Each structure stands twice: as structure tokens, then as C-alpha cells.
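For reference, the structure discussed in these notes is given below.
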Amino acid sequence: MNNTGKMHDPKNILEVSDLVQTFTQPYGILDRLTGRPKKTVHAVNGVSFSVRRGEVFSLVGESGCGKSTTARTIVRLLEPKSGTLLFDGQDITKFTPAEMMPVRKKMQMIFQDPYASLNPRQRIREIVMEPMLFHREAADREEAHVKMLRLLDIVGFRPEQADRYPHQFSGGQRQRIGIARALATNPTFLAADEPVSALDVSIQAQVLNLMMDLRDEFNLSYLFIAHDLSVVRHVTERLGIMYLGFIVEQGERDRIFEKPLHPYTQALLAVAPTLDRKIAAVPLSGDVPSPIHLPVGCPFASRCPQKMSICETNRPKLRILDGRAVACHLY
Amino acid sequence: MAEYLLEVKNLKTCFELFRGTVKAVDGVDFTLKEGEILGIVGESGGGKSVTGFSLLGLIDLPGRISGGEVFFRGEDLLKKSEEEMRRIRGKEISMIFQDPMTSLNPLQTIGSQIDEMLALHTDLSSAERKQRILDLLTEVGIPNPADRINNYPHQFSGGMRQRVVIAIALAVNPRLIIADEPTTALDVTVQAQILKLMENLVHKFGSALILITHDLAVVSEMTHRVAVMYCGKIVEEGPTKDLIANPHHPYTKGLLESIPKMAGARTPRLPQISGMVPSLFDLPKGCSFAPRCSRATERCLQDVPEMRLLSPGRKAACYHPAGMAEEGEGHE
Amino acid sequence: MKNRLGNFFRSELFHNFLRNPGAVIGLVIVIFFLVMVLIGPFFTPQNPYDIGGLDLMDAYKPPMWMDGGERAFPLGTDEQGRDLLSAMVYGSRISMGIGLIVVLLSCVIGTFLGLVAGYFGGRLDSLLMRLVDVQLSFPAMLVALFIMAAFGRGFGKLVFALTIVGWVLYARTVRSSVLVEKKKEYIDAAKLIGLSPFPVIFRHVLPNILTPLIVIATIQVGTVILTEATLSYLGVGVPVTKPSLGLLVKNGYDVLFSGLWWSSVFPGMFIMLLVFGINLLGDFLRDEFNPRLK
């Protein structure tokens, strides 16, 4: 089962090691004729972390840092290029669709865009019942119907609303319908890809509270993908900060928020807009480098205010320091 | 010389749709002094963007401005012809939009897009314009402006594009800039850069700025005053610091409390505003916020509260404002 | 059902329909033709296919309001004494029948191939789309003419030829809609349930690309009728024994300069009116369903 040689820790629901994901840009006849080089986007470059049972683990970073790709690879919407995925002690990295079937029941996803994540032509009850019926979580349609109504009740809908279509609901309501769908097969693990970033602030709080209530009620573990540090601080136990497909710092929430070590984490925390303080100075200039041509050295070197010469040539590895892992030559 | 640069009185914009008439902006009043930065905040459907577009007369059918006055330097913009408004847009008032990709023409170099603005609204010679473009690009922090001037928008990153948009907005030194969610599409590290840049430039050029956003944290970062909108109305207005420290309207208070904090103790649950924004087709009879409000009474369900002065410089439209000095709940 | 109908009459679509004179006229024309071809044969003076019922004595009769016209032949007769109105009713039936069958067939085939190409991508997609490109680089009429010339006249062959010409349009439109839809998260959600590709395609993708299909199919009915008319006019369409509107025009044209103008002008006007009606309706649907115009 576990061919990584590492011991599986039964406390972990998910163990990801050295996960790599790349995309090749479309390469047509014309490109071949003109001899244009093939372009490969290095989206995720050897990411390792684990999610404990009943825990919220967050991956944080800016757009294009590979956090969503990581989540989508873990739930096997994308085939991993290399690395291993251990789910509930099983190595699912190379599972066929048929082998994935029982795993699918246990790992579901909450999506970012409440307007695109529900099939506009399905009624709410069909949306929630489809996974149940497919996985025989209910003996017949009648039982599925009862279960569906119970789930809708949990996420805050009245029974008569089950007959409506998605467009009759607001963004926050749709997100709750998406959560009900994710819960339909009694999963133990949910990957939530920016679940509140498309929502209004007041609705954001409702959805976050709901997600946390459900964790207690259904004994869920979450992989929480987000760019908003204040949201992450509120929900998570541990987190990893991603930059250009690498995890640059990873550990317990309080350690990282109280004393960030990596210059990128420091910058993110410094510029996160909050009500209680004004941003003193903007520590970062420039933009994220292209994931097509990865820098040889530290991925963050081009924007780092504390760059040294070694950073240009050697890529730092994650090292344990002060109760967390950090990849930086400063330490 | 008028006392205010901009004085908006009872502005109303509605959209006549198949399902009925939507009052997207319903009697909005506010003022803006020269050089002042005003934030308009609210959630989707609050009417903040429509307010911004209405000021410039950029409302297309099925929408129309159905009433009110917009005095800009003493003249009512709503009485101007389309021809006159075209001269005012860009020259006197310019706008920065959320998505820099759609507000720039993808087929035109950024140099010529700035040049277009200058040629239209100034008498500068071609050489002077060139120099001015270079100055502007330097000003907004684009490295090697002489090389970048001939680049197309797609050759810039999101943050750099928004800098170009800001350069265009500032090109002819407008008195007022309306920025509609200017940093929403950007990453936090870039957002911080752009906000700082806008704050500095507005100060340097002496323009006034209306910053429309859903993000109270962004507002608290750089505005002098803030107006909170809910369902087409301004429900609270006041100096930013004061308002955020001590919100009077229960909606403002709820919004502020529901934002997770970056420091201090964590609460297991976030305080949340219950329910959801009502449909604009079907607004409640009294105060639009009453059905979600923990302080609401019978009266709130019946009558629509007017904006009134609660403390110096602080107005709110609420019968039972929070955070009043004596904290007398029934105080009116 | 009753409720759904009620909803339709209260819907924005119906409201806009009533305020669009073109669409109303289009629908009236289309309904007129549908009623005519469905119940018309019970009322026509003659069965034009029944050779035994024809009388050469009745040949070359002008329309009834002209000198020599008779009430029995309201729009006159042809050289065999066939009543023109009856021939037109039966001819419309054939034209519309071919139009609908061809649209149905090419829509089903094109949609299926477009779905598969768009959803799976890769080599299959490239192959299908190059085929589409090649076919679209020839005028549709030329392709149809070629097929008909090779196989000869006949309904089946005509339907076959027009379907071969028609499916590409659906395939291409469907493919591009699929490319948009399959990026949406609800498709990911369906995959995460564990559904295999075909259930995802038919249960989740297909229902969401129907609107552009309906628009194209509507307009295509008119186009197919015109193509059929042209082919029949050129003598490679329907068999002479069962003339469509196009063939009627052609038959009339042969005697047009002998002064029998009616036998080609009336069928010609019928084609024009029918296609005009369908296009008005199609344009309305296109405007309604195009989100960019909203």
C-alpha cells in the first residue's frame, strides 16, 4: 500500500510528499514548424505537507502560487506528475478511476465561484441527491430525498427551496448549496478552494461559521486554500505559505502569525489590509517571476528585500527552525 | 468658488427591468472637498458602483438617472449635454476601473493610449506630450518608461497595468478621480503598492478621490471620510477613523465585526449578520436593514429612517444607533 | 405542466416576444405553414400525386381572378392540368419535412461529435475539427451537388446529402460551447462525484449548451429548405413524381416565357415567405439568448 518507505502516521488523514504538477502549453503544428520551444508551466514544485484528522490545514499565497493546483491534484481532478498522495493510509497517487471510486466518497471539494460551481440546469435537490444516489449512500430515491432535506436543513434551507434552480439564490446561498453537495456522500476530508473569496464580507462570516460547525458535527478535516490571511488566521490550525509553487514556510498558526521568519511571509503579513493598523511601508516591489522559467536559486530572490548572493544560485530547502519549517538562507 | 468640489444631492438612479423597477441608487447625498479622499463602501447590490457611474452620467438603458443634482465646481453635471460631459470626463473627472485588462485597449500601445488623453484635453505639442508621458510613467513607478512606452497592455502584469490606468487617469490633472474597486483584482502585495501609489499621487496632484470598494480595510487604509451604502442608500457617513472605531449604524457595526482580525484573541465563531441582503425588487417597507438587525423595533419595520447628525461630523440613518455616548438604546 | 405553461406566459421571453413585431409575424407565418402542411391535404381540391385524377383538359388554366380562371383551381394549373394550390400544399409538406428531418439528423450527429471533440480534446478533436475545416472550405451547395450527382435523385439521398453538409455547423458551435462549459467548476464537481465522461457530458454539459443549438437549428431549417429548393431546381433533388416547392418553381420556370407566370411565381413566393418567417423567429431567439446583447 504505502510504497514511499515512510511510516504512515494514523493521525493524518492526508499526507502529501514531493508533489509536482506541470502544464504544457498547447503545442500545435505551427509551433512545431517554427521550432518554438515547448513551454512548461511549473505550477507545483515538490510540495510536502500533511493534514491531521479533524484539523484545518491552509495553503496561503497569491494568485499563481500553485495553491489551487495543489488542491485539485490532491482530489485527483489532475493527475500528479510525481510525488505521493497518501489518503487515509492508502497511496492513491496512481489509482485508476475505478479504484478512486470509494475514495471519492470520502474526499470532496468546495469551490471558489458560487456562480459556476452549480449546474444551472439542475434543481437544488438534484444537485444534492446526485452524489448520494451515485454512491448508493441511500437505498432508494425516497431515502435520498430525506437525507437531502436534512442536509439542506443543516446548511440553512427550507424544504420547499429544494425545488428551485441555482439562479434563484444569492452567492452565499449557492455556496451553502455547494457545501451540502460536498457533504452528500459523508466525506471525511474536504478541500475548500477559496470558499469565501467571492462572497460579501457579512456572508463570508456566515459561510466560515457554517464550515466550522460542520467540522465538529461531521468530524471533517479541511484543506483550506486562501489568499486572505485574516480568514486563514481565523479558521486554521496549521498553514503553509506558497510562492511560485514552493512552500516557503510551514507550521503552527500562532508561531507563524506571531513571528514570521521567511521574508515573504513577513511581507504578506505586513501588507494584509486590516482595520486596526495602517500599512507602514510596502516591503515588496515588482511581480512574481514566470513559472515557465523557474529561477535557479530561491524562488523569492527577485523580490526579496534581504537578498544575499547565495540566494541567486542556491535554492534553500525547508529546515525546521523555531517550531516551524522555513526555506530561507537567512537562517 | 463653491464650498465643495462635489456636492451630490438626492441622487436617484433606477433600472427598469422586466421584473420591475430597481432603485439602485435611492436618494444619495454627500459632499467632497478639494483634495479629499472619500470611501464609498458596501456589499454587492449596495449601489456604490452605480453611484460612481451616475456622477459621470455613464448610465445606459435600461437604467436612468431619475432625480437629484450633482454639483461639480458649482455646476450641475446632470444638466449638461452628452457633448459637454465628454469634455469633463477625463479632463476634470477621470475614472479607474476594477479590471485593468478591460479598461485598456489591447491593440494600442500604452504610450499612445496616454497620448490620446493628452491630445484630446491639452494643447501640448507632440514632443511635450512625449515628455509628459515619460514623466507620468515614471511617476506611477513603471521601470524603464522609455522602453515600455511602445509596449502593449498584455506585456504588463496586472499590477503594472493598473499603474498605467492610473497614469492615464492622472494624465491631464483632473480635479476628481473616481476609482471603482481599483485593487480588487490584484494580489495583496500588489494591492498595497497600488494603494500607496494612489494615496501619494492624489496628494501630489491635489486631486480629490472617491474610492469605491467592498473592503473596509482598504478604506481604513487611505480615506479621510467614508460613506457606507446599503440597498441603494447611504446609511452612515463620517470621518474614517472615528467611524471604524465607533460605528453607529448596526449594519456598519455588523460589517466591521464580521471581518476576521489579524491580531488579538480568536473567537471560535465570527460575529455574523444574519440573513441576507434583500432583493432590490422586493425591499422591506421600513428600514432596508431592519429584517437583519438585532436592534430593530416595530418602528424600523414601518418607517424609513432619515440620515441625521448623531455626533459632530457623524451621520447615520438609524432610529437606534449603536455606540452613542450615553448608550441609551431608546435614545432618539 | 399547467404551471409551467403559466410560467412561460409570465416569462421575460414571452414578454419580449410580444413586443417584437418581427418575431410575432415570424411565428404566425411558421404556424400558418405548419397548420397548412398538417391538415391542408384534407382540404385541397386535388391530390396532385394521383395522376389518374388529373385531366389534361384543365391544363394551363390561369388563377381564378384572371380571364379563363376557374374556382376549382384558385391559383391556376400546370401543363398537366394539376391544381397549383394543391401542388404547393403538398410541396410545402415535402420541403418542410426535409428541412426538419435534415436539421434533426445533422443536429444530433453534429452535437454528438462536437461534444466528444470539445470534452476530450486531443487527437480526436484535432481530427474532427480539421475535417470540419476542410468541409467548410467548400461551398455547402457544391458538396451537396456533388453527392446528389453521384447518387442520383431521391428523398433518402437528399436527406443524406444535406445532413453531410449540415452537421459541421453544429459540431463547431457545440465544440466551442463545450470548451467554455467544461472549465466551469460544476463540471469539476461532477467529476469529483466519480461520474465517468459520458454521464458528465450528457447530464451536465449538454443541458447547458442547448440554447445556442436551438437558435442555430431554427435558422438552419430555413437554410436547408432553401438548399433543397436550389438542388431540386437544378434537377438533382426530389423525384419529379413528388415535387417540393423548389421543383415546382423549376417546372413553372420551364413554361414561364409561354406566359404561364403563375406556376413558378406562387411556389417561389411560398418559399420566400416560409424562409422569411423562420428567419424572423430565429433572429428573435438569437437576440434573446445572446447574453452579450443583454
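The values are calculated or read from the model by the stated rules, or taken from the named source; none is laboratory data. Worth saying up front: this structure is predicted, and the values here are computed from it rather than measured. FYI the Cβ positions are ideal-geometry reconstructions off the backbone, even for glycines, and counts take in every protein chain you see.
Being over 15 Å from A:Ala327 (Cβ atoms), crowded, with 19+ Cβ neighbours inside 10 Å and among the aliphatic types (A, V, I, L, M) is the filter here, so list the residues in segment A:280-316 that pass it.
Within segment A:280-316, A:Leu284, A:Val288 meet the criteria.
Looking at A:Ile110, is it modelled with pLDDT of 95 or more, within 11 Å of another protein chain (Cβ to nearest Cβ), surrounded by 18 or more Cβ atoms within 10 Å (Cβ to Cβ) and under 20 Å from the mean Cα position of the chain (by Cα)?
yes
Which members of segment B:170-187 meet the condition of being surrounded by fewer than 21 Cβ atoms within 10 Å (Cβ to Cβ), of a type in the set (A, V, I, L, M) and under 30 Å from A:Tyr264 (Cβ atoms)?
If the condition is that a residue be surrounded by fewer than 21 Cβ atoms within 10 Å (Cβ to Cβ), of a type in the set (A, V, I, L, M) and under 30 Å from A:Tyr264 (Cβ atoms), then B:Ala185 is the only one that fits.
Residues of segment A:218-250 being within 14 Å of chain B (Cβ to nearest Cβ) and either among the polar types (S, T, N, Q) or under 21 Å from A:Gly172 (Cβ atoms) (or both), which ones?
Across segment A:218-250, the qualifying residues are A:Phe224, A:Ala226, A:His227, A:Asp228, A:Ser230, A:Val231, A:Val232, A:His234, A:Val235, A:Thr236.
Tell me, which residue of segment B:235-276 that is among the β-branched types (Val, Ile, Thr) and surrounded by fewer than 22 Cβ atoms within 10 Å (Cβ to Cβ) is farthest from the other protein chains (Cβ to nearest Cβ)?
The extreme case among them is B:Thr240.
This table checks each residue for (1) surrounded by 17 or more Cβ atoms within 10 Å (Cβ to Cβ); (2) hydrophobic (A, V, I, L, M, F, W, C); (3) at positive phi.
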| residue | (1), (2), (3) |
| --- | --- |
| C:Met64 | no, yes, no |
| C:Ile109 | yes, yes, no |
| C:Gly118 | yes, no, no |
| C:Phe138 | no, yes, no |
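Could we say that A:Lys94 is modelled with pLDDT under 95, within 25 Å of A:Asp9 (Cβ to Cβ) and part of a helix (DSSP H, G or I) here?
No; evaluated as a whole, the condition is false for this residue.
Could you check how many residues of segment A:296-321 are under 17 Å from A:Gly240 (Cβ atoms), of a type in the set (Lys, Arg) and not in a loop (DSSP other than H, G, I, E, B)?
1
Only one of A:Arg125, A:Arg158, A:Arg104, A:Arg164 is more than 8 Å from every other protein chain (Cβ to nearest Cβ) and crowded, with 17+ Cβ neighbours inside 10 Å. Can you tell me which?
The unique qualifying residue is A:Arg125.
Find the residue count for segment C:181-208, including only residues that are in contact with a Gly (Cβ under 9 Å, 6 or more places away or on another chain), closer than 17 Å to C:Leu113 by Cα and without any contact (Cβ under 8 Å) to a residue 60 or more places away in the chain.
Looking only at that region, the number is 1.
Please pick out the residue among B:Phe53, B:Phe18, B:Phe30, B:Phe71 that is among the aromatic types (Phe, Trp, Tyr) and in contact with a helix residue (DSSP H, G or I) (Cβ under 6 Å, 6 or more places away or on another chain).
B:Phe18
Residues C:Phe266, C:Phe257: which one is crowded, with 18+ Cβ neighbours inside 10 Å, over 16 Å from C:Gly235 (Cα atoms) and more than 13 Å from the chain's Cα centre (by Cα)?
C:Phe266
Got a number for residues in segment B:148-171 being over 26 Å from the mean Cα position of the chain (by Cα), assigned to a helix (DSSP H, G or I) and either among the β-branched types (Val, Ile, Thr) or more than 13 Å from B:Ile133 (Cβ to Cβ) (or both)?
2
Quick one: is B:Cys300 crowded, with 16+ Cβ neighbours inside 10 Å, hydrophobic (A, V, I, L, M, F, W, C), modelled with pLDDT of 90 or more and assigned to a loop (DSSP other than H, G, I, E, B)?
no
Could you tell me which residue of segment A:63-101 is farthest from C:Leu195 (Cα to Cα), considering only residues that are within 14 Å of chain B (Cβ to nearest Cβ) and in contact with a strand residue (DSSP E or B) (Cβ under 8 Å, 6 or more places away or on another chain)?
A:Cys65
Looking at C:Gly22, C:Gly97, C:Gly81, C:Gly6, can you tell me which residue is surrounded by fewer than 18 Cβ atoms within 10 Å (Cβ to Cβ) and part of a loop (DSSP other than H, G, I, E, B)? Write out each step before concluding.
Working: C:Gly22 fails: part of a loop (DSSP other than H, G, I, E, B); C:Gly97 fails: part of a loop (DSSP other than H, G, I, E, B); C:Gly6 fails: part of a loop (DSSP other than H, G, I, E, B).
Result of the check over C:Gly22, C:Gly97, C:Gly81, C:Gly6: C:Gly81.
Please work out if C:Phe270 is under 27 Å from C:Trp167 (Cβ atoms) and part of a helix (DSSP H, G or I).
No, not satisfied.
Looking at segment C:178-194, which of the residues that are among the small types (Gly, Ala, Ser) and either at the interface with chain A (Cβ under 7 Å from one of its Cβ atoms) or surrounded by fewer than 20 Cβ atoms within 10 Å (Cβ to Cβ) (or both) is nearest to the chain's Cα centre (by Cα)?
Once the filter is applied, the top-ranked residue is C:Ala189.
Write out, first by first residue and then by second, each pair whose Cβ atoms fall under 6 Å of each other, whose residues are 6+ apart or on separate chains, and whose first residue, in segment A:189-207, is more than 26 Å from A:Val103 (Cα to Cα) and facing chain B (nearest Cβ under 10 Å) while the second is surrounded by fewer than 24 Cβ atoms within 10 Å (Cβ to Cβ) and among the hydroxyl-bearing types (Ser, Thr, Tyr).
A:Asp200/B:Ser44; A:Val201/B:Ser258; A:Ser202/B:Ser258; A:Ala205/B:Ser258
Can you find a residue in segment C:195-214 that is within 14 Å of chain A (Cβ to nearest Cβ), hydrophobic (A, V, I, L, M, F, W, C), closer than 13 Å to C:Val103 by Cα and in a helix (DSSP H, G or I)?
So far as segment C:195-214 goes, yes, one or more of its residues are within 14 Å of chain A (Cβ to nearest Cβ), hydrophobic (A, V, I, L, M, F, W, C), closer than 13 Å to C:Val103 by Cα and in a helix (DSSP H, G or I).
Output the residues belonging to segment B:192-210 that are crowded, with 18+ Cβ neighbours inside 10 Å, within 16 Å of the chain's Cα centre (by Cα) and within 14 Å of chain A (Cβ to nearest Cβ).
Hits for segment B:192-210 are B:Ile194, B:Leu195, B:Met198.
Taking A:Arg255, is it out of contact with any Cys (no Cβ under 9 Å at 6 or more places or on another chain), assigned to a helix (DSSP H, G or I), more than 14 Å from every other protein chain (Cβ to nearest Cβ) and not small (Gly, Ala, Ser)?
Considered against the rule, which asks whether it is out of contact with any Cys (no Cβ under 9 Å at 6 or more places or on another chain), assigned to a helix (DSSP H, G or I), more than 14 Å from every other protein chain (Cβ to nearest Cβ) and not small (Gly, Ala, Ser), A:Arg255 comes out as yes.
Might you let me know whether segment C:125-140 holds any residue that is under 24 Å from C:Ile271 (Cα atoms) and not β-branched (Val, Ile, Thr)?
Checked segment C:125-140: at least one residue is under 24 Å from C:Ile271 (Cα atoms) and not β-branched (Val, Ile, Thr).
Kindly list, by first and then second residue, each pair from a residue in segment C:147-174 that is surrounded by fewer than 17 Cβ atoms within 10 Å (Cβ to Cβ) to a residue that is in a helix (DSSP H, G or I), limited to pairs with Cβ atoms under 6 Å and residues at least 6 apart or on different chains.
C:Phe151/C:Lys157
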